[in-house]
Amino acid sequence: MGRAHYDEMQAADGEVRAHFRVLAEWLAETPADRVAEKRREADLLFHRVGITFAVYGDEAGAERLIPFDTIPRVIPSSEWEELARGLRQRVAALNRFLHDIYHEQDILKAGVIPAEQVLTNDAYQVAMLGLELTNHVYAHIAGIDLIRHDDGKYYVLEDNLRTPSGVSYMLENRRMMMRLFPELFARQSVRPVEHYSALLLETLRAVAAPQVRDPVVVVLTPGQYNSAYFEHAFLAQQMGVELVEGPDLFVKDGFVHMRTTSGPQRVDVIYRRIDDAFLDPLAFRGDSLLGVPGLLSAYRAGNIALANAVGTGVADDKSTYPYVPDMIRFYLGEEPILHNVPTWQCRRPEECRQVLDQLGELVVKEVQGSGGYGMLVGPAASRAEIDAFRERIRANPANYIAQPTMSLSTCPTFVESGVAPRHVDLRPFVLSGKEIKLVPGGLTRVALKDGSLVVNSSQGGGTKDTWVAD
Amino acid sequence: MLARVADRIFWMSRQMERAENMARVLGVTSNLLLFGSKELQRQNLLAPLTITGTAERFFEHHEQLTLETLIDFLALDAKNPTSILCCLRWARENAHAVRWQITSEMWETLNGTWLEVRAIPRSRVTGAGATQFFDWVKDRSHMFRGVTYGTIVRGEAFNFSRLGTFLERADNTARLLDVKYHVLLPSVHDVGGALDYYQWAALLRSVSAFETYRTPYRDQVFPIKVAQLLLLERRMPRSLAACFDQVKEAMDRISGQSDQAAKRLAYELHARLTHADIDEIFQDGLHEYLTQCLEDIDVLGNRIQRAYLGTV
């Protein structure tokens with residue numbers, strides 16, 4: 001590889017970037033043992049509060065802490081404003097796209113995106129055809145994964161429009177930093193993120209049908225063994241709404257109710273953190289115990305609002321991803337502000353051949369995969385792994401896309417041997433209700449292993465507080 | 001409050017109370033084995049299995065009934081759902097599911113208890129350390145109840161926690177008395193000898209009532225007085241009457257209209273205990289009376305489940 005990564009703190013000539021100066025000074029003057037002590041304190045606090053996540057495939061109920069790194073990642077305000085504009089633009093276009101493909105399908109008729117690719121997509125939900133949603137919004141909560149390449153530019157790695165998670169860590173990391181190092185916040189003015197829960201509740205209330213005057217909002221979780229259960233509970237608590245599981249809800253006379261100790265109570269908006277396939281055993285997977293029988297017909301009747309809407313997966317699918325810049329041009333008549341990573345689609349024979357030829361240099365992803373599973377990082381993989389993956393692609397080319405190995409920028413991070421650069425990405429959260437809102441910041445994930453580019457918490461990644469500061 | 005959340009809180013408290021009662025029963029059983037004939041010892045060993053209705057299951061897995069195998073089965077057997085280990089695990093699981101609706105102190109108490117019991121080696125429980133282990137379980141249960149009482153908002157979560165605790169305790173006290181009744185009471189009006197005294201003393205100790213009994217009666221054993229104390233003495237916190245005072249109080253505070261059948265039965269049982277006469281109970285048969293009590297408690301549990309907790 002040998003390329004120089006973009007470092008968030010230091011320019012190529014070694015000089016500390018202006019927006020990192022306060023932090024660099026603080027790092028230099030703070031004794032190592034004090035920092036180590038604070039890190040232990042952070043661990044203890046996270047354990048006590050129970051900010052843990054369950055690991056798939058682990059013994060039932062096994063919980064781990066996501067490692068928290070106490071050196072924040074700083075983004076200058078001016079850069080953030082540009083990012084925020086790009087994010088608003090992108091999410092607006094994605095929502096227009098979702099409305100379009102479930103209504104007039106202009107973009108398909110115009111041939112901007114191949115119709116069969118959208119209409120035969122597993123995530124495309126026929127049940128959504130013609131359904132009118134409040135404000136025409138589908139992805140009310142979007143998590144957009146960004147990286148900074150060695151050219152210093154931000155690229156969108158993927159759009160998460162189904163049930164993106166991680167925002168609780170953004171909020172808890174900030175709280176932890178303010179508690180551990182209040183003096184840092186006195187030295188540099190960091191823009192707040194704490195109002196996210198309030199914005200989320202506002203967004204969710206705006207999802208309700210217009211005739212509902214004081215909508216009852218609930219958070220629907222698959223339950224305590226889900227890896228993001230902590231977040232579901234956290235958000236419900238922050239918003240002051242009930243955290244429900246499928247069996248807590250039932251549909252009667254076309255409306256959704258929750259079972260309470262004093263009888264049934266009407267529900268108007270469900271912030272659901274379970275996938276489409278599990279929402280309603282009568283409409284989707286019949287074996288789902290997580291969902292609510294009859295939910296979809298109540299939804300279609302306009303008697304319950306869901307956030308996110310059903311069928312958003314077709315827009316964040318990795319096979320749709322390459323077309324997002326064209327969507328922005330098509331719907332908004334604007335040039336995309338955020339960059340897309342060049343992408344080869346293995347469903348196209350000639351592109352598939354190119355991919356197979358240079359597999360060792362590429363990152364290959366499953367079209368539907370997430371969480372870093374089902375992914376090949378060519379430069380980091382062994383001969384055998386590459387060969388095995390080659391067979392998988394050959395067997396089912398349409399299931400894969402490939403991209404050049406993007407270099408993730410690095411950020412100083414505490415490791416065994418002291419402070420060292422580690423690769424990071426960034427997931428800001430974009431809320432779309434009556435208007436599009438986001439708090440200045442996001443979740444910065446960090447690959448704690450030297451040289452690793454995999455930031456997923458399920459694969460040994462950690463998190464950092466993210467500062468938008470002047 | 002969500003029915004499911006109430007259900008978890010109800011069972012969280014029941015399981016913790018159940019663990020405590022099991023510790024009490026096993027503690028007494030190990031004391032009782034110091035005296036008496038082989039046959040009496042066997043009966044005493046069998047009692048905890050009878051109380052929990054697990055005798056059949058026990059003999060599927062163990063050939064010999066000894067104190068060691070009994071404790072193995074009822075204290076630390078992860079496959080026996082009535083073992084202390086399982087009760088503590090379920091109490092913790094239930095708490096985990098509702099940790100945002102209970103206080104962090106409650107969660108930490110149950111989580112800490114589970115982490116500790118999981119790490120206790122078998123050798124510390126079946127040998128000389130057994131008594132210490134049972135005391136530890138009791139301590140943790142006292143602590144959980146105290147922490148709950150001292151930290152939780154007086155609302156539905158508190159009500160259902162109390163309901164679970166005292167319904168479970170009523171059930172356990174009735175079972176305990178019923179089993180000892182078989183062992184110890186050949187004739188209602190007998191005054192027992194020295195050996196009986198030990199047996200009854202052990203029973204009284206198991207519900208922390210030994211001192212209370214001895215103050216008026218010294219070392220004379222009057223089975224009818226013992227029964228009176230455990231059934232009808234509402235100042236004795238593990239008696240059935242005291243438990244039903246608490247059950248009724250909790251039911252009074254629970255809101256909602258869907259629950260008339262549950263409330264009716266709770267108040268009925270409360271009234272029956274309040275106005276009971278111990279002589280009458282003995283005339284009609286203590287065992288029959290206790291059997292009825294256990295059945296009623298079971299029905300009440302089901303009605304509560306149906307009325308508030310969303311499941312049957």
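The values are calculated or read from the model by the stated rules, or taken from the named source; none is laboratory data. Treat the numbers as computed from the prediction; the structure is a model and nothing was measured. As a convention, Cβ positions derive from the backbone with ideal geometry for all residues, glycine included, and neighbour counts pool all protein chains shown. Accessible surface is based on the protein model in full, side chains and every heavy atom, while ligands, DNA and RNA are left aside. Shrake-Rupley method; radii C 1.70, N 1.55, O 1.52, S 1.80 Å.
Checking the structure you have, find out if any residue of region A:82-93 is in contact with an Asp or Glu (Cβ under 8 Å, 6 or more places away or on another chain) and at pLDDT below 85.
no
Can you tell me which residues in region A:217-256 are more than 11 Å from every other protein chain (Cβ to nearest Cβ), in a strand (DSSP E or B) and either open to solvent by less than 30 Å² (accessible area, probe 1.4 Å) or not aromatic (Phe, Trp, Tyr) (or both)?
Hits for region A:217-256 are A:VAL217, A:LEU220, A:VAL251, A:LYS252, A:VAL256.
When A:ARG422 is evaluated against the numbered criteria (1) open to solvent by less than 20 Å² (accessible area, probe 1.4 Å); (2) more than 23 Å from A:LEU161 (Cα to Cα), which criterion, by number, is the only one it fails?
(1)
Is region A:239-262 home to any residue that is of a type in the set (Lys, Arg) and either in contact with a Leu (Cβ under 9 Å, 6 or more places away or on another chain) or outside the structural domain of A:ILE141 (by TED's automatic domain parsing) (or both)?
Yes: region A:239-262 contains one or more residues that are of a type in the set (Lys, Arg) and either in contact with a Leu (Cβ under 9 Å, 6 or more places away or on another chain) or outside the structural domain of A:ILE141 (by TED's automatic domain parsing) (or both).
For B:ARG253, indicate whether it is within 14 Å of chain A (Cβ to nearest Cβ), of a type in the set (D, E, K, R) and open to solvent by 70 Å² or more (accessible area, probe 1.4 Å).
yes
Scan region A:393-403 and tell me whether some residue there is in a strand (DSSP E or B) and basic (Lys, Arg).
Checking region A:393-403: not a single residue is in a strand (DSSP E or B) and basic (Lys, Arg).
For residues in region A:282-291 being without any contact (Cβ under 8 Å) to a residue 60 or more places away in the chain and within 26 Å of the chain's Cα centre (by Cα), which is most open to solvent (accessible area, probe 1.4 Å)?
Per the criteria, the residue is A:LEU289.
Taking only pairs six or more apart or across chains, which ones have beta-carbon atoms under 6 Å, a first residue in region A:258-281 that is more than 14 Å from chain B (Cβ to nearest Cβ) and in contact (Cβ under 8 Å) with a residue 24 or more places away in the chain, and a second residue that is of a type in the set (Gly, Ala, Ser) and in a loop (DSSP other than H, G, I, E, B)?
As it stands, the answer is A:ASP268/A:ALA208; A:VAL269/A:ALA208; A:PHE278/A:SER288; A:PHE278/A:GLY291; A:LEU279/A:GLY291, since those pairs meet every condition given.
Which pairs do you get when a residue that is under 15 Å from B:ARG175 (Cα atoms) and at pLDDT 90 or above, found in region B:40-58, comes within reach of a residue that is of a type outside the set (A, V, I, L, M, F, W, C) and outside any helix (DSSP H, G or I), reach meaning Cβ atoms under 7 angstrom, with the pair 6+ apart or on two chains?
B:THR54/B:ASN80; B:THR54/B:THR82
Looking at region B:120-129, which of the residues that are surrounded by fewer than 19 Cβ atoms within 10 Å (Cβ to Cβ) and of a type in the set (A, V, I, L, M) is nearest to B:VAL207 (Cα to Cα)?
B:ALA128
If I filter region B:143-155 down to residues being touching a residue at least 60 places away in the same chain (Cβ under 8 Å) and not basic (Lys, Arg), which single residue comes out as farthest from B:ASP77 (Cα to Cα)?
Among those residues, the one meeting the criterion is B:GLY155.
Quick one: in region B:100-119, which of the residues that are crowded, with 21+ Cβ neighbours inside 10 Å and not hydrophobic (A, V, I, L, M, F, W, C) is farthest from the other protein chains (Cβ to nearest Cβ)?
B:THR113
With respect to A:TYR323, determine if the residue is more than 14 Å from chain B (Cβ to nearest Cβ), surrounded by fewer than 24 Cβ atoms within 10 Å (Cβ to Cβ) and either more than 30 Å from B:ALA307 (Cα to Cα) or under 27 Å from the mean Cα position of the chain (by Cα) (or both).
Yes: the conditions hold for A:TYR323.
Considering every residue within region B:164-177, establish whether at least one is within 14 Å of chain A (Cβ to nearest Cβ) and modelled with pLDDT of 95 or more.
Looking through region B:164-177, at least one residue is within 14 Å of chain A (Cβ to nearest Cβ) and modelled with pLDDT of 95 or more.
Is it the case that B:LEU229 is among the hydrophobic types (A, V, I, L, M, F, W, C) and open to solvent by 10 Å² or more (accessible area, probe 1.4 Å)?
So B:LEU229 passes the test.
Given (1) on the phi < 0 side of the Ramachandran plot; (2) in the same structural domain as A:SER165 (by TED's automatic domain parsing), where does A:LEU376 come up short, assuming only one miss?
Every listed condition holds for A:LEU376 apart from (2).
Looking only at residues that are at pLDDT below 80 and among the acidic types (Asp, Glu) in region B:193-226, which one is surrounded by the most Cβ atoms within 10 Å (Cβ to Cβ)?
Within region B:193-226, the match that is surrounded by the most Cβ atoms within 10 Å (Cβ to Cβ) is B:ASP196.
Here are B:ALA23, B:ALA19, B:ALA47, B:ALA3: which of them is within 14 Å of another protein chain (Cβ to nearest Cβ), of a type in the set (Gly, Ala, Ser) and crowded, with 16+ Cβ neighbours inside 10 Å?
B:ALA3
Tell me, yes or no, whether region A:157-167 has at least one residue that is under 30 Å from A:GLN211 (Cβ atoms), within 22 Å of the chain's Cα centre (by Cα) and of a type in the set (Lys, Arg).
Looking for residues that are under 30 Å from A:GLN211 (Cβ atoms), within 22 Å of the chain's Cα centre (by Cα) and of a type in the set (Lys, Arg), one finds at least one in region A:157-167, hence yes.
Residue by residue through region A:328-345, note down the ones that are in contact with a helix residue (DSSP H, G or I) (Cβ under 8 Å, 6 or more places away or on another chain), surrounded by fewer than 23 Cβ atoms within 10 Å (Cβ to Cβ) and at pLDDT 95 or above.
Within region A:328-345, A:PHE330, A:TYR331, A:LEU332, A:GLU334, A:GLU335, A:PRO336, A:ILE337, A:LEU338, A:ASN340 meet the criteria.
Starting from residues that are away from chain A (no Cβ under 14 Å), more than 18 Å from the chain's Cα centre (by Cα) and of a type in the set (D, E, K, R), keep the ones in region B:260-312 and report whichever is most open to solvent (accessible area, probe 1.4 Å).
Filtering first and then ranking leaves B:ARG264.
Kindly evaluate A:GLN265 against the criterion of being outside any loop (DSSP other than H, G, I, E, B), out of contact with any His (no Cβ under 9 Å at 6 or more places or on another chain) and polar (S, T, N, Q).
Answer is no for this residue.
Looking at this structure, is B:TRP90 within 14 Å of chain A (Cβ to nearest Cβ), surrounded by fewer than 19 Cβ atoms within 10 Å (Cβ to Cβ) and closer than 30 Å to A:PHE234 by Cα?
So B:TRP90 fails the test.
Could you list, in sequence order, all residues of region B:60-73 that are open to solvent by 40 Å² or more (accessible area, probe 1.4 Å) and in contact with a Leu (Cβ under 8 Å, 6 or more places away or on another chain)?
B:THR66, B:LEU67
So which helices (runs of 4 or more DSSP H) are wholly in region A:111-194 and hold at least 2 residues that are touching a Phe, Trp or Tyr at 6+ places or on another chain (Cβ under 8 Å) and under 18 Å from A:TRP80 (Cα atoms)?
So the answer is A:167-180.
Among (1) within 14 Å of chain B (Cβ to nearest Cβ); (2) surrounded by 20 or more Cβ atoms within 10 Å (Cβ to Cβ), there is one condition A:THR203 misses while meeting the rest; what is its number?
In the conditions (1) within 14 Å of chain B (Cβ to nearest Cβ); (2) surrounded by 20 or more Cβ atoms within 10 Å (Cβ to Cβ), A:THR203 misses (1) alone.
Would you kindly identify the helices (runs of 4 or more DSSP H) lying entirely within region B:236-288 that contain at least 1 residues that are of a type in the set (Phe, Trp, Tyr) and within 28 Å of B:THR215 (Cβ to Cβ)?
B:240-253, B:278-284
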